[in-house]
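Undergrad: Pasting a structure below so you can have a look.
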Amino acid sequence: MKNILKIALLLAIIPVFMISSCKKDEPEAVNAYLTLKTYMATNTLDLPDVLKNWIVDPKSTNMAGGIVDSVTGTIPGYHVFDIRPAADFTNGHISGAINVALKDVVTKAQAYKDKPILVVCFTGQTAGQAVMALRLSGFANAVVLKWGMAGWNAQFKGPWVSNSGHETAANGNIAVGSSNWVTTAAPANGTFAEPVWTSTKTDGADILAERVQAVLDKGFSTTAAADVLANPANYQIINYWSAADYTGFGHFTGAYDVPVISLANDLVKAIDPSKEAEVYCYTGQTSSMAIFWLNVLGYNAKSIAFGANKLVYDQLKAGGKTVYKGPKNWAYVTGN
């Protein structure tokens, strides 16, 4: 009888021991954000670092800083990635451009390392997503074509001046006279906890690659300026320009002024990762770069489409700020 009891007790203990042993063998879940943050900070991938010299104007090579060959209409110093849908590419594109889906830009770029990559879209906003992905993936000289195809030829100017079927008109003054667009001082920025998420990877470089591709796969979406203007209290709004312009040109009621988003000194903690952040700049081009970087780090961020060009265009133009001024009328080709 005693032997039977001993055997029964042993049989009861063995499963407990096995479960305990398995738990010890399983890796403890850690916050991958902290690993990624350290990796990016030590490899010059902080936002101010990767937002240097990231945009080029389609000027002739006969001018200082020009990139376009005025005879051939090509851009010889770059591999041109056109990330618009295939149908739009077929209807007209820069000679020599390659049609690449946004989600594929990093993998496609592996075969084009002999020259810098220039990314083209409709207006220069989605291209910001692609260029940030490339810069975080080792292509430090990737750049956005300023204003996209809307800045290349009048045939493609629709997204900035009218409803082209892709976007509503980008140039506008819809904030003028609105009680939700004010010139008051900025509210104090908060200091929020950092994002918390896990990864199947443990190495910083591997985590970064995984996150970059995940954000690319999700695609680029924006928030309409009119929606934010109608109900600013419903949003966490980040004004991504200087304090002087924050009060000078005005801002959404309740918007936070965060002119520098950075890992350094924990400046990024001014953004609450538990809420969707709506980020805006002058044109939507810079903010598209910034929100990609934020989303890679685990924030939930969107760009307000066309930035202040949609809101107070005339004031920006009069103040000498960046505004869309029309196409260059370079030649283009059709077909594949």
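The values are calculated or read from the model by the stated rules, or taken from the named source; none is laboratory data. In this text, all values refer to a predicted model and were calculated from it rather than measured experimentally. A quick note on method: Cβ atoms are made from the backbone with ideal geometry, for glycine too, and the neighbour counts reach across all protein chains shown.
Undergrad: For the condition in contact (Cβ under 8 Å) with a residue 40 or more places away in the chain, surrounded by fewer than 19 Cβ atoms within 10 Å (Cβ to Cβ) and either within 28 Å of Asp49 (Cα to Cα) or assigned by TED's automatic domain parsing to the domain that holds Phe192 (or both), what is the one hit in Gly250, Gly254, Gly335?
TA: Unique residue meeting the criteria: Gly254.
Undergrad: Across the range 36-51, what is the number of residues that are free of Cβ contacts under 8 Å to residues at least 40 places away in the same chain and surrounded by 16 or more Cβ atoms within 10 Å (Cβ to Cβ)?
TA: Total satisfying the criteria: 1.
Undergrad: Has the range 261-271 got at least one residue that is closer than 25 Å to Pro58 by Cα and in contact (Cβ under 8 Å) with a residue 12 or more places away in the chain? Even if it seems obvious, please write down each step before you answer.
TA: Going through the range 261-271, the residues closer than 25 Å to Pro58 by Cα turn out to be none.
No: zero hits.
Undergrad: Report every pair of residues separated by at least 6 positions or lying on different chains whose Cβ atoms are under 9 Å apart, first residue within the range 78-101 and closer than 18 Å to Lys328 by Cα, second of a type in the set (Phe, Trp, Tyr) and surrounded by fewer than 16 Cβ atoms within 10 Å (Cβ to Cβ).
TA: none
Undergrad: If you check Leu45, Leu36, Leu118, which single one turns out to be part of a helix (DSSP H, G or I), within 27 Å of Glu210 (Cβ to Cβ) and out of contact with any Pro (no Cβ under 6 Å at 6 or more places or on another chain)? Break it down into steps so the answer makes sense when it comes.
TA: Numbers: Leu45 fails: part of a helix (DSSP H, G or I); Leu118 fails: part of a helix (DSSP H, G or I).
Matching residue, one of Leu45, Leu36, Leu118: Leu36.
Undergrad: Filter the range 121-172 down to residues that are modelled with pLDDT of 90 or more, of a type in the set (D, E, K, R) and not in a helix (DSSP H, G or I), then give me how many there are.
TA: 1
Undergrad: Could you say which residue among Ser262, Ser303 is at pLDDT 95 or above, in a loop (DSSP other than H, G, I, E, B) and of a type in the set (S, T, N, Q)?
TA: Working: Ser303 fails: in a loop (DSSP other than H, G, I, E, B).
The conditions single out Ser262.
Undergrad: Does Asp257 satisfy the criteria of being closer than 24 Å to Ala193 by Cα and of a type in the set (Asp, Glu)?
TA: yes
Undergrad: What's the number of the only condition in (1) over 23 Å from Ala32 (Cβ atoms); (2) without any contact (Cβ under 8 Å) to a residue 60 or more places away in the chain; (3) among the aliphatic types (A, V, I, L, M) that Ala277 fails to meet?
TA: All conditions pass for Ala277, except number (1).
Undergrad: I'd like the residue in the range 52-67 that is surrounded by 13 or more Cβ atoms within 10 Å (Cβ to Cβ) and either outside the structural domain of Val143 (by TED's automatic domain parsing) or aliphatic (A, V, I, L, M) (or both) and, out of all such residues, is farthest from Ala150 (Cα to Cα). Walk me through it before giving the result.
TA: Just the residues of the range 52-67 that are surrounded by 13 or more Cβ atoms within 10 Å (Cβ to Cβ), to begin with: 54-61, 66-67.
Filter once more, so that each one left must be either outside the structural domain of Val143 (by TED's automatic domain parsing) or aliphatic (A, V, I, L, M) (or both): 55-56, 67.
On the way: Ile55: 15, Val56: 14, Ile67: 17 Å.
Taking the candidates together, the pick is Ile67.
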